[in-house]
Structure formats: C-alpha cells, structure tokens
Amino acid sequence: MNTAAAMAGAVVALLGTAAGLVVSDLLSQEIRARLLHLPFLILRLAARQLPAELRTEIHEETWLPEVHHILGDEATGPLTRLTEATRLALSLWLRGGGRQMAEALTAVTPPSLAGFEDIRALSPARRRAFGELTARLHDMLRHPAGALDRDVAARLLTATADACEAYIDDRDETTARSLAEAARPLAGSLHPDHPAGLGIRRAHAHALLQLGDSRRAEALLRELAADEARILGPGTPGTFPTRRLLGWALLREGRPREAEAEFRSLAARVPPSAAPLRLHIHCMLSWTLFRQGRRPEAENGYHSVIASRLRRLGPRHPDTLDARHSMGKMLVLSGEGERAREVLRPLLADRRRVLGARHPDTLETRKYLAVARALMPSRTGGIARRRALRTLRRIARAQTGSQGPGHPRTRDTRRWLGTLGGEPAARDTGVRPAPGPGV
C-alpha cells in the first residue's frame, strides 16, 4: 500500500515537473515572440516623425528590411540579435535618425503632389500640407541645375508645373508665377524639347495671363504652341491646353473674333472623352460670344456648360460654381440686375460653404451681387447703391491686402466703385483686366 502510494506520488511529481517544463517553454516562446516585436514597435514610433510622403520609402523600404536582416543573422545569438535590432530602432526614434534621413531624401527627391490636383476646396490642414510641399519645391529649385540628374530635374519640373496650375486655379497667380520663374534655370538645363520644360513654360504664361499681362502671355503662348506642334504634332492632344490659353489671351487682347475661331477649332478636335477640357473651352467660348454682343448664344452656352457640370461634377464643385458665376457676371454687365441677383445670391451661399468667405472667388461673387443690387430699379435705389459701395470698399480692402492693388480683380473692384460714384476709378496702367472669371 505504501509502495503504491509512493509510486503514485512519484508519477504525479513527474507529471507536474513535465507540465511545468511545458508551461515554462510556452511562456518563454511567448516572451520571445513579444520581445521580437519590440524593435518593430519602436520603428513605428520613429516613423511618425517622418513626413507622410516619405514614410513608405523610409520605414517600409529601408528600416524594416534592415531590422529583419539583423534578426535573421544566425551568426550571432538570439539575445545579441534582439539587442542590436532594438538599439537601432531606439537610435532612429530617440536621436532623430529618421529626420536626418528624411532631410537627405528631401534634398534630392521631388515631393509627390498626388491628391493636390485641385486645392480650391481643401480643408485648412490639407492646405497647410500643400504649402509645405510647395515650399520643398522652392528649396529644391534653388539648387544649381547641374546638382540634379536629368530624371530628378524632370520630375521636379513636372511637380512644379502641377503646383503652379493648382495655385492658378485657386486664384493665387502670384505664387504660381514665382514658382514658375524659380524653375526656369532648371528647365534651361534640359533639352529645349523636353516635355517637363514645356509644362513650366505653359504654367508661367498662364500665370502672367491671369495677372493681366496678356501681351507678354500671348507672345510666350504662341512660341510654345509652335514648339509643341513641331514636337508633338499639330492638332495632337498635348497641344490643346496651350491653344486654350492662347484663345483666352486673344480675347484679353481685345480680339474676340480670333479668340472665337481658336476656341471653335479646338472644340472640334477635343474628343468627348476629354469632358473637363471641352467644358472649359465651351465656357470660354460663351464669354467670347458675349463680348461680341451675341448674348443669347452666350447664355445658351452657359446653360449647357452648367447642366453638364452639374451632371458630371455636382452642384458644389468649384468648376460648376465658376460657370454659374460667369453667367451671373454676364447678366450684371448686360444691365439685368434682377436676373443676375437670382443667379448670384444662391451662388454666394454655395461659394461660402465650399471655398470660405474670404476666398477670391467668393469675394468676386459677393462683388457682382452687390453691383447687381445697385443696378436694380427700386424706390430705395439710393440706399441700395450706398450699401453696394460699402460692400465694394470692404472687398477692395480685402483684395488689396491679399492680392495687391494692381491685381486685375482689385482694379476691377475699383472701377466699379468709380462707376457707382464711390471714388475715382483706378488709373489705367496699360494692363488689361480679366474679361471674365477663370473658367
């Protein structure tokens, strides 16, 4: 009996020991697994210090492979491997090694502008991010042209041209011109026929055109159009953006019939698949027809563009709002204050919601709504005119502060103040104002 009890106790002890060893082994495996995750956790913390556009390149393509290599090196013991991997991760996190690597990459890698093709309706945070990216473009453009290889130079110029067009669409033509002019030395280092150089030339001419220097813009656009026809072939899609701007420059120079011919020729070549470009052309053509006194044709054109943009883009897309503004402005200039007010009053509310109260486009709609009200016949016409003048003065101050006194939109506001009797009109400097909004 005692022998049996002793044997049973021995068996239980043996089983307990075995179970303890198994549990201990399982615990050590779990501990090892958790410890192996430690350097990767620290790397994720270090990656948060990196610019968003560089995280993939640095964290996933550089840091992770290096840590995996250290942990997989069987020439050293597991504890040594873990210690080395953790030390590297801690160094990158605590000593700012990631920031140093990001700065080195930033100096030679143009930033990606994916997601920033249209900045008009971006949130304040996204706008700040776009500003940081374009500041990097400016910094890179300060490098001597020979310091960048051809591929990097081409990508930098392409990104710069895209940023310029985004700024122009957002009515910040001054920043666009500054960027384009900073890129000209680098563009000169490439072959004259390189597509990246053509893009910068177009962006520069576009900025000048929107700033009112239509004569110089026309000369640059004609030269560019001839080069693009020679390089890409006459009538090919790559030539269409420059020709559209050339038509706008002709109108700005007071040659509406030539502009109409250019727009009609271009509209006949642009395929239906390129709907945004077609609608831009038809919108500009509508304004051109109006400037020739053919308002019924122009009004029909605007109705068609607005309907197409509503269907394709929705009621609050900035392009839809632009077409509505163009039509409202046309009605104001035609003396139809009541109809203009019906178009511009709901548009002002939409532009405030989409773009903000101080955006240049919102101020333009607010301006023309005030003018429309001042032009409406009523028993209280004097009161309406005084209210319009107060509104125009506030808008002129805002435009002077944000875009300068010589900007076409500021000068247009000053002219309306003179027309409505508020103050002398702005002195003519020979720079013509925009005939219509950006369309």
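The values are calculated or read from the model by the stated rules, or taken from the named source; none is laboratory data. Just so it is clear, the structure is predicted and the values come from calculations on it, not from any experiment. Here Cβ is always computed from backbone atoms with ideal geometry, including for glycine, and neighbour counts include all displayed protein chains. Just the protein is used for accessible areas: all its heavy atoms, side chains included, with ligands, DNA and RNA removed. Shrake-Rupley method; radii C 1.70, N 1.55, O 1.52, S 1.80 Å.
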Hull surface divided by four, with the convex hull built on the Cα atoms of the stretch 246-298: how many nm²?
3.3
Which whole-angstrom value gives the distance between the alpha carbon centres of the stretch 310-344 and the stretch 238-270?
22
I'd like the projected area of the stretch 104-198, averaged over all directions, using the convex hull of its alpha carbons. Report it in nm² with one decimal.
5.8
Work out the FRET efficiency for ARG311 and ARG386 from their Cβ-Cβ distance, taking R0 = 45 Å, and round it to the nearest 0.05.
0.65
With every protein chain left in place and a probe of 1.4 Å, what is the accessible surface of GLU84, to the nearest 10 Å²?
80
Give me the extension gain from ARG150 to ALA349: residue separation times 0.36 nm, minus the current Cα-Cα distance, reported in nm with one decimal.
66.9 nm
Among 178-185, 38-45, 70-77, how do they line up by average Cβ neighbours within 10 Å per residue, starting with the highest?
178-185, 38-45, 70-77
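Which order do the peptides 385-391, 154-160 take when ranked by the mean count of other beta-carbon atoms within 10 Å per residue, highest first?
154-160, 385-391
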Let me spell out the model: positive unit charges on the Cβ of Lys and Arg, negative unit charges on the Cβ of Asp and Glu, origin at the Cα centre of the stretch 113-203. What dipole size does that give, in debye rounded to 20?
160
